[in-house]
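So the structure is just underneath, and the comments pick up after that.
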């Protein structure tokens with residue numbers, strides 16, 4: 001059986017639905033398919049042509065969101081340049097996919113089914129690896145564990161995303177605010 005590639009329009013519509021799903025469900029886990037269709041600017045019947053039921057849509061949105069996060073983090077090139085510059089790029093990349101991160105990690109039930117399906121790509125530089133490199137070069141506080149710093153980074157990113165959602169912080173200043181807060185907390189002076 002051969003798979004016919006999607007047309008440009010079909011691919012754009014599918015991407016819009018998946019992006020809207022992550023965005024809407026990041027904000028409201030009880031959102032309906034009608035809410036998602038409205039956010040994607042498609043009719044509910046169009047949404048159902050692409051995804052016959054909610055579970056299939058959720059499954060596809062999880063896979064698509066992981067892909068978006070992986071692409072964004074890969075573009076940050078955390079293994080290149082000085083650790084502080086790489087961390088700034090990583091923070092910007094994480095803020096750029098804040099909706100996807102909030103969707104994936106805001107509710108542990110979203111990933112329960114998928115934990116066995118996703119294995120880390122060991123060829124991709126990790127956040128912990130960047131932190132360890134920064135500690136070795138005297139940039140990040142060596143008395144904090146890399147895992148603690150990573151958790152702090154994720155929490156700050158989520159807090160920045162949430163503040164923008166609540167109107168407490170302009171979207172364009174989230175990355176700078178998260179970066180400043182992070183650097184004031186973990187860099188060596």
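Within the range 142-153, at least one residue is closer than 15 Å to residue 92 by Cβ and outside any loop (DSSP other than H, G, I, E, B). Counting just the residues of the range 97-135 that are surrounded by 13 or more Cβ atoms within 10 Å (Cβ to Cβ) and part of a loop (DSSP other than H, G, I, E, B), which one comes out modelled with the highest pLDDT? Only one residue tops the list, namely 97. Per the listing 85, 38, 70, the residue uniquely under 21 Å from residue 178 (Cα atoms), in a helix (DSSP H, G or I) and at pLDDT 95 or above is 85. In the set (1) in a helix (DSSP H, G or I); (2) modelled with pLDDT under 95; (3) crowded, with 16+ Cβ neighbours inside 10 Å, residue 78 fails one condition alone, (1). A Cβ distance below 6 Å, combined with a sequence gap of six or more or placement on separate chains, defines the contacts here; from the range 65-77, residues that are under 15 Å from residue 102 (Cα atoms) reach residues that are modelled with pLDDT under 90 in the pairs 65/104.
Would you check which residues across the range 177-189 are surrounded by 15 or more Cβ atoms within 10 Å (Cβ to Cβ) and over 12 Å from residue 152 (Cα atoms) and list them? Write out each step before concluding.
So in the range 177-189, the residues surrounded by 15 or more Cβ atoms within 10 Å (Cβ to Cβ) come out as 177-179, 181-183, 186-187.
Listed by number, the residues that qualify are 177, 187.
The values are calculated or read from the model by the stated rules, or taken from the named source; none is laboratory data. As the structure is a computational prediction, the values presented were derived from the model and not from experiment. With ideal geometry, Cβ positions are generated from the backbone for all residues, glycine too; neighbour counts draw on all protein chains shown.
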